[in-house]
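S.K.: What follows is a structure written as structure tokens; I'll ask about it next.
Computed from the coordinates by the stated procedures, all read-outs in this text should not be read as laboratory data. All figures in this text were calculated on a predicted structure; none of them were measured in a lab. Note: ideal-geometry Cβ built from the backbone for every residue, glycine included; neighbour counts use all protein chains shown.
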Amino acid sequence: MSKISEQQIHFLVEAIEASYPKNQLAIPLEFVSQPKRELIIKVIFILRELLFLEYFGQRQLISTTIKYHIGDLLINVHKILHEQMVLALTYQAIEKNSPLDNINEKVNEIIFLFLSKIPELRCMIELDIQAAFNGDPAATDKNEIIYSYPGVFAVSIYRLAHELQLLSLPLIPRIMTEYAHSVTGIDIHPGATIGKYFFIDHGTGVVIGETTTIGNNVKIYQGVTLGALSTREGQKLRGVKRHPTIEDDVTIYSGTSILGGETVIGKGAVIGSNVFLTKSVPAKTKVSVKIPELMYKGRINKESDPEYMVLDI
Amino acid sequence: MSKISEQQIHFLVEAIEASYPKNQLAIPLEFVSQPKRELIIKVIFILRELLFLEYFGQRQLISTTIKYHIGDLLINVHKILHEQMVLALTYQAIEKNSPLDNINEKVNEIIFLFLSKIPELRCMIELDIQAAFNGDPAATDKNEIIYSYPGVFAVSIYRLAHELQLLSLPLIPRIMTEYAHSVTGIDIHPGATIGKYFFIDHGTGVVIGETTTIGNNVKIYQGVTLGALSTREGQKLRGVKRHPTIEDDVTIYSGTSILGGETVIGKGAVIGSNVFLTKSVPAKTKVSVKIPELMYKGRINKESDPEYMVLDI
Amino acid sequence: MSKISEQQIHFLVEAIEASYPKNQLAIPLEFVSQPKRELIIKVIFILRELLFLEYFGQRQLISTTIKYHIGDLLINVHKILHEQMVLALTYQAIEKNSPLDNINEKVNEIIFLFLSKIPELRCMIELDIQAAFNGDPAATDKNEIIYSYPGVFAVSIYRLAHELQLLSLPLIPRIMTEYAHSVTGIDIHPGATIGKYFFIDHGTGVVIGETTTIGNNVKIYQGVTLGALSTREGQKLRGVKRHPTIEDDVTIYSGTSILGGETVIGKGAVIGSNVFLTKSVPAKTKVSVKIPELMYKGRINKESDPEYMVLDI
């Protein structure tokens with residue numbers, strides 16, 4: 001009796017099928033063949049292997065034969081990326097009702113430009129790892145950082161996705177950074193611009209919006225939002241600079257929100273925990289919130305003590 | 001020498017086995033056969049395919065033959081859900097020492113009622129997607145939202161789990177929403193009541209408690225807690241309304257906590273970032289925290305400047 | 001045309017290969033064979049089965065034959081752990097340029113000591129589950145807690161990782177707790193010391209630093225940071241006590257940060273939401289933040305009302 005009854009399944013199939021043509025989101029089903037999130041995640045892991053063969057390579061590596069592994073990984077990643085990019089660009093073209101000429105050539109060109117960035121990205125990400133090591137007393141070696149630090153993982157994926165975003169590839173960059181978000185709790189939009197030697201410590205709850213600009217040697221902690229002042233106007237704000245600019249050598253401690261497209265945090269500034277900023281801060285300035293008064297209520301000597309002692313600690 | 005020695009394994013087996021009968025949590029092992037989290041997650045993904053065949057279907061779809069896919073998915077999801085529900089209800093019955101009559105029929109009835117909700121849920125979730133598109137300038141199309149927005153993912157799973165919760169199914173609804181929590185950082189209890197056109201932006205750190213009620217057209221941001229004032233009394237509070245009511249058209253910005261079962265946020269209210277509310281707010285009211293004084297300490301002209309400048313920016 | 005051109009692949013292979021010898025992070029490729037994160041995660045799941053055979057066992061269990069399952073799981077976990085530990089210790093030895101004598105024996109000894117702790121860990125984790133049940137009105141039974149509560153999952157993995165950390169095993173403990181972090185948003189360093197009957201509710205955004213000490217019967221909520229005051233000195237602070245001490249019977253509500261190695265929260269203290277503490281608190285004291293003034297702006301009777309009403313609610 002664990003099977004669904006014939007009558008029930010007929011009823012359900014009809015009801016669900018009937019709900020499909022009413023669907024206002026869909027473009028005609030015949031044309032739809034969507035990119036697959038699982039394959040895009042697979043691309044992320046092949047790219048990570050390419051970036052750090054010595055850490056994520058699946059085989060015993062010999063430095064003189066390393067090129068065979070690189071070649072093999074490149075052929076592999078090209079194949080999957082090509083397929084997914086064709087799907088993403090085809091969908092976009094149908095949606096925008098724009099022509100689809102030379103899609104294979106266009107995609108090959110994007111992939112080649114993207115893969116040519118790998119050596120540069122290797123250097124960038126190594127600097128991020130160095131920043132994590134220098135900035136965290138709990139780090140014992142770089143090995144540990146590469147294998148376990150969520151900040152480094154999220155920033156690495158952002159750096160890959162950002163290159164694809166610069167090449168105007170739709171959908172795929174965001175799927176990549178949202179994958180990192182789901183794994184780390186760190187939400188970096190692929191459109192953000194982030195300089196060298198960047199470290200996010202702990203990271204859960206960090207949000208870095210689409211039009212944020214971050215300089216070199218910046219360090220931020222868990223729960224920091226670099227966001228927009230208000231998105232009440234929604235789609236009217238598309239493309240407008242609405243997230244802050246963080247200049248070089250800035251540190252932003254946990255739980256702080258910095259909002260607005262005209263807000264600039266000057267070079268070398270240090271912003272304390274739990275600050276809420278919607279205006280600019282000059283260079284080399286320390287900003288901290290005046291810690292709100294704390295109320296103490298002791299529960300031991302109820303007779304002698306006032307019920308509430310308000311103290312400033 | 002990489003094998004464990006015979007002597008050691010005998011010792012360990014005895015020690016661990018000995019720890020089992022002392023276990024105060026277990027009901028007799030013979031009766032225990034628990035639902036499997038992996039299969040419940042599989043159910044989530046089949047349901048998502050049923051809800052959005054055009055996005056998550058594994059095959060090239062033709063609108064005239066779509067019913068074969070729907071039928072196939074229904075048979076599949078029924079089979080797995082039936083098995084897991086029988087396990088969950090059997091465990092509950094043993095635990096409560098209550099009779100177990102007609103379990104197959106009962107389960108078939110629950111599943112049929114649940115699957116009959118699919119067309120309605122499709123409409124609900126499409127409105128959530130529309131809300132995300134309208135509310136987020138960074139969204140380029142609905143495709144991107146469906147494939148990558150954690151808020152939409154968490155709310156979709158909540159909507160499915162909530163229907164099962166209404167049908168008094170134990171354990172499985174919570175496993176579903178906690179899976180969404182693990183993927184998105186958004187913790188929605190399946191018992192909460194949430195209206196149409198709901199959008200959670202970014203989302204990491206959001207908590208929506210069991211007895212929360214949310215109206216239509218509500219938008220909330222990362223780090224918002226809709227929680228209980230205190231749970232010190234623990235199990236004594238079971239079933240008591242202890243989380244807030246949020247009326248229609250309310251916006252709640254990031255990091256805000258709204259606590260307590262008698263707290264009502266009136267229709268159209270806007271609650272700013274980092275507010276801590278334990279009392280009701282009238283309709284159409286804007287509430288913001290008076291931003292705490294910030295302390296600035298410039299580090300350039302140490303001679304001329306006072307060490308701390310307290311400014312209100 | 002979906003293949004990468006021969007010319008392009010040669011160019012890319014050369015470019016990427018060329019970037020490898022410049023890599024300052026790598027130790028000679030020939031020596032590198034790293035632990036595999038996937039296998040360490042597999043170890044976590046086997047250990048969880050060992051700890052809770054009645055919940056996670058893959059087979060129908062009979063209490064009189066349970067020892068066969070325990071034996072089988074022990075042999076299995078020993079095999080994988082041994083392999084991964086040899087890799088981790090070998091890498092560490094090469095990195096530190098220290099000798100590698102008797103590695104198999106050393107590893108066997110560590111694993112035996114570790115596995116001998118399983119019965120004790122079973123008891124500890126059962127107390128954590130009991131604490132969750134007693135502390136959360138939304139919990140319907142312990143089954144639900146074991147299968148779905150992220151706090152219990154993260155603390156269980158921490159307890160396993162902490163034992164390996166005490167045995168001076170590099171890398172693997174941190175990979176374990178960071179896996180829990182990625183699944184739950186709860187970041188507990190394996191070096192932290194945590195007493196019995198510990199419960200983290202909701203949990204997303206919690207950070208518990210390396211040198212934190214937590215007593216028995218402590219309860220904390222989402223977004224709590226037990227952190228360091230500043231890590232600007234980075235590696236110079238390695239090993240220094242820089243995170244707080246939380247004594248027995250303390251409750252810490254959501255969003256609170258407690259920072260600094262000399263900060264002690266006394267026995268029985270209750271720390272409210274959103275408190276920022278860098279100094280000690282005496283035993284049995286309640287600390288809450290004086291809730292910042294809220295500003296209300298009604299939008300209905302614009303004529304009669306002042307534009308801003310500042311009220312204390």
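S.K.: Over all residues in C:182-191, what is the mean tally of Cβ atoms on other chains that come within 10 Å of each residue's Cβ?
M.R.: Per residue, the average neighbour count from other chains is 5.
S.K.: Another question about this same structure. May I ask which of C:241/C:267; B:36/C:36; A:42/C:67 have a Cα-Cα span longer than 28 Å here? Before the final figure, lay out the partial values.
M.R.: On the way: C:241/C:267 20 Å; B:36/C:36 26 Å; A:42/C:67 40 Å.
Listed pairs above 28 Å: A:42/C:67.
S.K.: Specify the residue with the greatest mean-square fluctuation among B:209, B:239, B:266, computed from a Gaussian network of chain B linking alpha-carbon atoms under 10 Å apart.
M.R.: Between B:209, B:239, B:266, it is B:239 that shows the largest mean-square fluctuation.
S.K.: Cα gyration tensor of the protein assembly as shown, axes a ≥ b ≥ c as square roots of the eigenvalues: rounded (a/c below 1.5), prolate (a/b > b/c) or oblate?
M.R.: rounded
S.K.: Considering every residue in C:258-271, what mean count of other chain Cβ atoms within 10 Å of its Cβ is obtained?
M.R.: Other-chain Cβ atoms within 10 Å of each residue's Cβ, averaged: 1.
S.K.: Let me ask something else. Any idea what angle helix A:172-184 forms with the longest principal axis of chain A, computed on alpha-carbon atoms, 0 to 90 degrees, nearest 10?
M.R.: 50 degrees
S.K.: Work out the length of the dipole vector of region C:40-79 about its Cα centre, built from +1 on the beta-carbon of each Lys and Arg and -1 on the beta-carbon of each Asp and Glu, and round it to the nearest 20 debye. Walk me through the numbers on the way to the answer.
M.R.: Values: 5 positive and 3 negative charges, 23 e Å.
Using Cβ point charges on Lys, Arg, Asp and Glu, region C:40-79 gives about 100 debye.
S.K.: Using only the alpha-carbon atoms, how far is helix C:118-135 inclined from the longest principal axis of chain C? Give it as 0 to 90 degrees, nearest 10.
M.R.: The helix C:118-135 is inclined about 20 degrees to chain C.
S.K.: Cross-link candidates for residue B:96: which lysines have Cα within less than 16 Å, leaving aside residues fewer than 8 places away along the same chain?
M.R.: C:142
S.K.: Please arrange A:55, C:179 by counting, for each residue, the other beta carbons lying within 10 Å of its beta carbon, fewest first.
M.R.: Placing the least packed residue first, the sequence is A:55, C:179.
S.K.: So if I place +1 on the C-beta of Lys and Arg and -1 on the C-beta of Asp and Glu, and nothing else carries charge, what would the dipole magnitude of region B:23-186 be about its Cα centre? I want it in debye, nearest 20.
M.R.: Here region B:23-186 has a charge dipole of around 140 debye.
S.K.: Search the structure for amide H atoms under 5 Å from the amide H of residue A:36, placed 1.01 Å from N in the peptide plane, and list their residues when 5 or more places away or on another chain.
M.R.: none
S.K.: Next question, about the same structure. Size of the dipole of the protein assembly as shown about the Cα centre, Lys and Arg at +1 and Asp and Glu at -1 on the beta carbon, nothing else charged, in debye to 20?
M.R.: With Lys and Arg at +1 and Asp and Glu at -1, about 900 debye.
S.K.: On a 0 to 90 degree scale, rounded to 10, what angle separates helix A:150-166 from the longest Cα axis of chain A?
M.R.: 50 degrees
S.K.: As a check on your grasp of the helix formula, calculate [θ] at 222 nm for the protein assembly as shown: sum -39500 (n - 2.57) over DSSP H runs of n ≥ 4, divide by the residue count, round to the nearest 500.
M.R.: Roughly -13500 deg cm²/dmol at 222 nm, from the helical runs in the protein assembly as shown.
S.K.: Let me ask something additional. Which residue, B:220, B:208, B:253, has the largest displacement toward the positive end of the dipole of region B:192-289 when charges sit on each Cβ (Lys, Arg +1; Asp, Glu -1)?
M.R.: Sorting the options by dipole projection puts first B:208.
S.K.: Now for a separate question. Once you have a ≥ b ≥ c as the square roots of the Cα gyration tensor eigenvalues for region B:183-302, tell me rounded if a/c is under 1.5, and otherwise prolate or oblate according to whether a/b is larger than b/c.
M.R.: prolate
S.K.: Please report C:182, C:98 as a ranked list, fewest other C-beta atoms within 10 angstrom at the top and most at the bottom.
M.R.: The order, fewest Cβ neighbours first, is C:98, C:182.
S.K.: Right, something else. Name the residue from C:15, B:289, A:90 whose Cα lies farthest towards the positive end of the charge dipole of the protein assembly as shown, charges +1 on Cβ of Lys and Arg and -1 on Cβ of Asp and Glu.
M.R.: Result: B:289.
S.K.: Where does each of C:81, A:12 land when they are ranked from fewest to most other beta-carbon atoms within 10 angstrom?
M.R.: Final ranking by Cβ density, sparse to dense: A:12, C:81.
S.K.: Additional query: Can you list the trypsin sites (Lys or Arg not before Pro) in region B:40-116 that are in a DSSP coil and have 11 or fewer other beta carbons within 10 angstrom?
M.R.: B:59
S.K.: With an 8 Å Cα cut-off and a minimum separation of 6 or more residues, compute the relative contact order for chain C in percent.
M.R.: It comes to 9 percent, rounded to a whole number.
S.K.: Output wanted: per-residue J couplings in Hz (rounded whole) for region A:76-91, from phi through Karplus 6.51 cos²θ - 1.76 cosθ + 1.60, θ = phi - 60°, x for Gly and Pro.
M.R.: Running phi through 6.51 cos²θ - 1.76 cosθ + 1.60 with θ = phi - 60° gives 4, 5, 4, 4, 5, 4, 4, 4, 5, 5, 4, 4, 5, 6, 5, 4 Hz.
S.K.: Could you pull out the longest piece of chain C with no exposed loop GluC sites (Glu not before Pro) in it, calling a site exposed if DSSP puts it outside H, G, I, E, B and it has at most 15 other Cβ atoms within 10 Å? Working shown, then result.
M.R.: Working: sites that count: C:233, C:262, C:293, C:303, C:307.
Answer - C:1-232.
S.K.: Distance between Cα centroids, region C:273-300 to region C:46-113: provide it in whole Å.
M.R.: A separation of 47 Å, based on Cα centres.
S.K.: Collect residues whose amide H, placed 1.01 Å from N in the peptide plane, falls under 5 Å from the amide H of residue C:207; neighbours closer than 5 in sequence don't count.
M.R.: The answer is C:187, C:224, C:225, C:226.
S.K.: Taking amide H positions as placed 1.01 Å from N in the peptide plane, with prolines and chain starts having none, which residues 5 or more places from residue C:281, or on another chain, fall under 5 Å of its amide H?
M.R.: Here C:264, C:265, C:266 satisfy the definition.
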